[in-house]
1. Looking at (1) in contact with a Ser or Thr (Cβ under 7 Å, 6 or more places away or on another chain); (2) part of a strand (DSSP E or B), which one does Y232 not meet, given that it meets all the others?
2. So which residues in segment 269-280 are assigned to a loop (DSSP other than H, G, I, E, B) and either outside the structural domain of I449 (by TED's automatic domain parsing) or closer than 19 Å to A353 by Cα (or both)?
3. Restricting attention to segment 344-363, which residues are out of contact with any Phe, Trp or Tyr (no Cβ under 9 Å at 6 or more places or on another chain) and surrounded by fewer than 20 Cβ atoms within 10 Å (Cβ to Cβ)?
4. If the Cβ limit is 9 Å and pairs must be 6+ apart or interchain, which residue in segment 212-224 that is farther than 20 Å from P256 by Cβ and at pLDDT below 90 pairs with which residue that is in a strand (DSSP E or B) and of a type in the set (V, I, T)?
5. Assigned to a loop (DSSP other than H, G, I, E, B) and among the charged types (D, E, K, R): which single residue out of R340, R364 fits that description?
6. Considering every residue within segment 435-451, establish whether at least one is assigned by TED's automatic domain parsing to the domain that holds S368, touching a residue at least 24 places away in the same chain (Cβ under 8 Å), touching a Ser or Thr at 6+ places or on another chain (Cβ under 8 Å) and outside any strand (DSSP E or B).
7. Just to be sure, is A411 within 20 Å of L484 (Cα to Cα), of a type outside the set (S, T, Y) and in contact with a His (Cβ under 8 Å, 6 or more places away or on another chain)?
8. For segment 300-318, which positions are closer than 25 Å to K458 by Cβ and either surrounded by 19 or more Cβ atoms within 10 Å (Cβ to Cβ) or touching a Pro at 6+ places or on another chain (Cβ under 9 Å) (or both)?
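The values are calculated or read from the model by the stated rules, or taken from the named source; none is laboratory data. None of these values were measured; they are calculated from a predicted model. Using ideal geometry, Cβ is built from the backbone for each residue, glycine included, and neighbour counts are taken over all protein chains shown.
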Amino acid sequence: MIDLKSSIESPVTFEEDPDFTEKALRLIGDDGIFAIQIYESHTTHHEDGQPRTCGGHAQEQEGRIGAGRAPSRVFRIEKRPDVTFSRVAVNPETQRRKSAKAWEAKSVVAKIRQSLDLTQEAFANLLGIGLSTLRGWEQKKREPSGAVRMLIAIALKHPEVLQDAGSKLSPSHQVSNTMKRLLTFFHFVSLLPSVAWLPAAARADDVRSWKLECASGAAVVKNTGGAEVLRYFTTRPEGTPLRANSTCCFHPFTTPAGHPVTAFAPDDHKHHRGIFLAWVEMHGAADADFWGWGAHAPVKDRVIKNRSLTKDGAAAFTAVNDWMAGDVKMLEETLTASARQEHGANILDLTYALKPAADVTLARWAFSGFCVRYPKLGEAVVHNPQGIVTLPEPAHVKPDTNWPDAPWYAATWESETGAPVGVAVVPRGAHPPKTWHCPRSIRMLNPAITGPAAVILKGGQVTTLRYQVVAFDGAVPAAMLNQLAQEKP
């Protein structure tokens, strides 16, 4: 029983759950203030003759009672620095009208969270997003996308799902498991093409309706709605700050919601170029740096030149590229690329067949080779099958600081609109031994075959490197990435 001291003549007490204080602390808003509404079922008296409200309950100031009866008692509660509360009586009818109006003005995301009786922190953690992102959605400053947009669509169409889940979410020990079941349901229905009430953005786009356009200097894949999924540059685009001599790279590559997961000629490393393959130090018939750094091998007249590009399907092509050091062709690259959408993610399948004319040595470096450079937006978090990676940053001049090999690594961040997005790299098939160079500060996912030791590409022989790049909205699709890693190429 909690004593509510107020400005009325006699103290009013009411019966409440033993965890009221804990709940009150949990419901305190960012401004440190919230209101408790007491709905009176009947009144008795203590032995001391003071009034006592029985069968009442406390509720956050959300207006969920709507236009119903006014509460019997309302107290405005303000948290003091010493974690006690000051309480001032408020007119019940005024409070009812105010809270009902406030509820109508709330965003759909806020209503869903409060229907589940979750704090902003708990709801953000369960969705795998930042607290600032959730607050932006609830304040209507930003719009959710991807998996969260699908959740909202289901909630609006089938509120009984949330009502059932909400009734189970109140005890803190049940929150995690119940929400996991709920999100599993959302994922399951997104895979059913017969679920007509899901918005188009939540359903897989049929790659057969995608379109590959081979224009001068680039191959562009567009989805059913005409939005660009990826672009492969065969020549250097004009008007860009790119400092590398070569392109033959992908930018942009986007998520199903349209967020790019690549960065092209970023301010910190203007020779980085989206998704690309190049080594920083090569020795053979000539010495060359096709990466674009120029510190340990020459970059002048070292260019990856596209010889041909052939359309293989609605979203597939083959590019033949010559790695030239002046007039010397160091190796021939045949790239086959295809894109598709699966399980709510865009997947880019890449196979590089490399055939040098003579032996080529790839010097040992912590970085270079196949690389995905992603945007410098928000805070980058790197994941692998074991969860969030907490290893220290690898150093580009110290190969031994690279991270251990794993079936995949992924990075997540918040887009310019605050939406959670990410990209993953899944090596496929047989590769030379490798370690991973994934500095969060530079935003690279780089499975480096030169990390453990120098690598020799034998003249006249084909070395094949296969990768899958996965662009996704929302949390890391770990189960799908594990499945991709286990499939035979």
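1. (1) is the only condition that Y232 fails.
2. Within segment 269-280, W279, V280 qualify.
3. The answer is A353, K355, A357, A358, D359, T361.
4. Correct list of pairs: C214/V220; C214/T310.
5. Of the residues listed, the single one that is assigned to a loop (DSSP other than H, G, I, E, B) and among the charged types (D, E, K, R) is R364.
6. Yes, segment 435-451 contains at least one residue that is assigned by TED's automatic domain parsing to the domain that holds S368, touching a residue at least 24 places away in the same chain (Cβ under 8 Å), touching a Ser or Thr at 6+ places or on another chain (Cβ under 8 Å) and outside any strand (DSSP E or B).
7. Yes; evaluated as a whole, the condition is true for this residue.
8. Passing the criteria: R302, V303, I304, N306.
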